[in-house]
Amino acid sequence: MANIFSFTFLLLALPFIIQSKFIKHQYCIVGAGPGGLQMAYFLQRAGRDYIVFERHNIAGSFFTHYPRHRRLLSLNKQYTGSLNSEFNLRHDWNTLLSDNDSLKMTRYSDDLYPHADQLVRYLNDYANRLQLNIQYQTDIVKLSRGYLNGINMFKLIDQHQNIHLCNVTIISTGLSKPKIPDTTGMQYAEGYESISTNTSEYVNKNVLILGQGNSAFETAQAISNVAGLVHLYGRGGVRLATSTHYIGDLRAVNSKIVDSYQLKSLDGIVEGPLENFGILKRKKGLISIALRGTKDELFLVNDMTGTRKGYHHVIRCLGFEYDRSIFGQGCRPRSAKKESIEHYPDIKANYEAVSVAHMYFAGALTHSLDYRHSGGCCIQGFRYSVRALHRLLEWRYHQVPWPAKLLSSEQLLYYLSMRINQASGTYQMFGMLADVVLIGDNHQHLYLEEVPTRVIPNLENLAGRKVTYGFLALTFEYGKNFSQPNKDTLDRENYSFTARNAYRSRNIHPILRYYKHHIRGKSKVFFILGAQVLILQI
């Protein structure tokens, strides 16, 4: 009887025990990389209850190891000829947004492509000077759902079995898990994440690199001056950023090996299917590549010099995906449906997981919305999508509508011109973020900056701003079919235009659209270049 009484008492007291033991916050951010820090800044400035969990003892720990050869691909341009800080952010790709003018990455390095250690120092200064609420050395090992006083909350368990509860979870862990395909003989390959950066180990060696992205070419470039030969093997061919305008494609700073390939030195670029690919260990420790035949057997590829002689090293540089291991039952976001972006979570226009309510993503994990199109893969782009996410959260959970400036018709013309010439968010996230002008009566209009274009059709519900008399949308965009791997962006055709035919340009330019109706109505497109405005009915 006593045991039954004790058990009953424990059940009655359990809610109070849970309430005192669990640590509760409204917002939990997982990851103190650039995206997590940027999110923390906006939540702190708004006075919200939040915490950031970081498994390491510093912020931005990813960049203590990557890129492996330590040079960033993001521009750090100090001198632009302008004192306007907003314009300068168009060419400063590493600085996070804040009100502290001293927290600029351009103050940390003079290099156009800085050393990664400088970015780590900058990110930690950003976290410390702004006194962001970060709990270091806290590894969230499981994320699930739990009820507290009848409220369904997220339950985050760390490596010490401490339990943290929150209403909203924001995942900002980035793409940190190497992609390792299920390929025969892949155990003989070294991973980009663990390869030696001591070039003496590759002297006069034949090296095969799997992959044709920036990490592959970065690795090839680092060893090509000492290696005997270097081959890069990939399925889809090389996409040059100079042809596609996409910063995630092969950048010129990593493409020196293209010269040695095209000018007929020993280096080579080979296309082939990874699905039918295999690695075979040969005598004397050498490695060859093989293709799978119709009867599922592997046969050597004998038309490559490296295959005939054998490779001393095979290095896997096939990119990264996000780590799904922390997600428990009821909290497992599904992956994006398209094969090209399945290494990202499937998210809505407001950055919320499609399959998990109140779970959001920030930073590089939102790049599925603009993959191979805009700048959301890196700091210069996602610092603005994080700000957009914060503004959406402010409306959903705190009834604070999207910030807006009230402008007269006369002021509007000046402000539009200023934004076209200075704004960084719409410039970096071209086609994805838009300045929106809600047309009002009595020549009074509301100006909303950097609204996600996919949010606009549901602006009232998601951002708290109602469209009554139509609206204008200002975006930056490249011309039709701008992102093509074989386009010559230096072709004369791209530059031989006037204001009257500027809409045919493949280069970035502002576009102002007028929508008479809120959703899916016909629109007029205004192409603004110089002093001339062209109106085309579409």
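What follows draws every value from the coordinates through simple rules; no lab data is involved. What you see is a predicted model; the values in this text were computed from it and never measured. When we count neighbours, we look across all protein chains shown, and the Cβ atoms used for this are built from the backbone with ideal geometry, even at glycine.
For this structure, a couple of remarks:
- At R0 = 25 Å, FRET efficiency that the Cβ-Cβ distance of Asn276 and Glu321 yields, to 0.05: 0.70
- Extended-chain gain in nm, criterion 0.36 nm per residue less alpha-carbon gap, Lys283 and Thr242: 10.5 nm
- FRET efficiency for Lys179 and Leu406, using Cβ-Cβ distance with R0 set to 41 Å, rounded to 0.05: 0.25
- Cα-based convex hull volume of region 186-318 per residue, rounded to whole Å³: 113
- Looking at the chain, the DSSP beta bridges with both ends there are about 65 percent antiparallel.
- Note on region 322-418: Cα-only Rg and Dmax are 16.6, 55 Å.
- Rel. contact order, % - alpha carbon contacts under 8 angstrom, at least six apart, the chain: 13
- For region 143-215: relative contact order, % (alpha-carbon pairs under 8 angstrom, 6 or more apart): 15
- Pairs from Lys77/Lys256; Lys77/Lys348; Lys256/Lys337; Lys264/Lys309; Lys256/Lys284; Lys77/Lys338 whose Cα-Cα separation, in the structure shown, is over 27 Å: Lys77/Lys348; Lys256/Lys337; Lys256/Lys284; Lys77/Lys338
- Shown here for region 182-274: trypsin sites (Lys or Arg not before Pro) in loop regions (DSSP other than H, G, I, E, B) with at most 15 other Cβ atoms within 10 Å, namely Lys205, Arg235, Lys264.
- Modelled this way, with points 7 Å down the Cα-to-C-beta line, the labels at Val354 and Leu413 are 4.6 nm from one another.
- You can think of it this way: the chain between Asn133 and Ser196 has 19.1 nm of extra reach, that is 0.36 nm per residue less the Cα-Cα gap.
- Over the chain, volume per residue of the alpha carbon convex hull, in Å³: 210
- The distance from the alpha carbon centre of region 392-446 to that of region 26-47 is 24 Å, rounded to a whole number.
- Dipole moment magnitude, nearest 20 debye, the chain about Cα centre, only Lys, Arg, Asp, Glu C-beta charged: 720
- Computed Kirkwood radius, in angstrom, where 1/r is averaged over Cα pairs of region 180-229: 11.7
- Spin-label model distance (nm) - Asn100 vs Val253, 7 Å beyond Cα toward Cβ: 2.5
- Each peptide in 171-177, 150-156 gets a packing score, the mean of other Cβ atoms within 10 Å over its residues, and the list from highest to lowest is 171-177, 150-156.
- A cut-off under 9 angstrom between Cβ atoms defines the neighbours of Leu446, and their net charge, with Lys, Arg +1 and Asp, Glu -1, is +2.
- Among the chymotrypsin sites (Phe, Trp or Tyr not before Pro) in region 32-117, those located in a DSSP loop and surrounded by at most 16 other Cβ atoms within 10 Å of their own Cβ are Tyr79.
- Two-site FRET efficiency, Ser82 against His115, from Cβ-Cβ distance with R₀ of 22 Å, rounded to 0.05: 0.30
- The chain: calculated mean residue ellipticity at 222 nm from DSSP helix runs of at least 4, using -39500 (n - 2.57): -6500 deg cm²/dmol
- Of the trypsin sites (Lys or Arg not before Pro) in region 334-402, those whose Cβ has at most 15 other Cβ within 10 Å and which sit in DSSP loop: Arg334, Lys337, Lys338, Lys348, Arg372
- With loop membership from DSSP and a limit of 14 other Cβ atoms within 10 Å, the longest segment of the chain without GluC sites (Glu not before Pro) is 1-274.
- Fully extending the segment from Val203 to Ile341 would add 46.0 nm, taking 0.36 nm per residue of separation and subtracting the current Cα-Cα distance.
- Distance between region 131-185 and region 254-278 - C-alpha centres, whole angstrom: 40
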